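To keep things clear, I will list the structure first and then write my remarks on it.
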Amino acid sequence: MSFLKKLFSRESEPQQRVRICVECGMPIAEHKEWCSIWQHQQESDRKAAAAAAAKSTSI
Ligand SMILES: [Zn+2]
């Protein structure tokens with residue numbers, strides 16, 4: 001019965017799903033430059049980095 005186990009375990013393995021951006025239709029790792037979602041992400045990333053930098057410098 002071990003082959004069944006193997007079969008099931010293989011089937012239950014999470015498939016690598018590539019998330020597609022709804023804005024530019026590209027995988028989220030490869031947004032287009034004009035993609036507003038990507039731009040928003042960059043913006044929030046920059047803000048987070050700035051906040052982290054401000055925190056670390058204020059100490
Ligand atoms: Zn995008």
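The values are calculated or read from the model by the stated rules, or taken from the named source; none is laboratory data. The structure displayed is predicted, hence computed values, not measured ones. Every residue, glycine among them, receives a Cβ derived from its backbone with ideal geometry; neighbour counts consider all protein chains shown. Protein only, heavy atoms only, side chains kept; ligands, DNA and RNA dropped before computing areas. Shrake-Rupley method; radii C 1.70, N 1.55, O 1.52, S 1.80 Å.
Which net charge results for the neighbourhood of A49, defined as the other residues with beta-carbon distances under 12 angstrom from its beta-carbon, given Lys and Arg at +1 and Asp and Glu at -1?
Numbers: positive: R46, K47, K55; negative: E43, D45.
Net charge in that neighbourhood comes out at +1.
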* Among residues other than I37 whose Cβ falls under 13 Å from its Cβ, what is the net charge (Lys/Arg +1, Asp/Glu -1)? -> -3
* Structure fact -> Listed by chain and number, the lysines with an alpha carbon less than 29 angstrom from that of K55, same-chain partners under 8 positions apart left out, are K47
* To do: Add +1 for every Lys or Arg and -1 for every Asp or Glu among the other residues with Cβ under 14 Å from the Cβ of C21, and state the total.
  => 0
* **Difference of contour (0.36 nm per residue) and Cα-Cα distance, I28 to K55** => 6.8 nm
* Asked: Which sequence of R46, R17 reflects their accessible areas, 1.4 Å probe, from the largest down?
  -> R17, R46
* Asked: Gain in length, S44 to Q16, computed as 0.36 nm per residue apart minus the alpha-carbon separation, to one decimal in nm?
  -> 7.4 nm
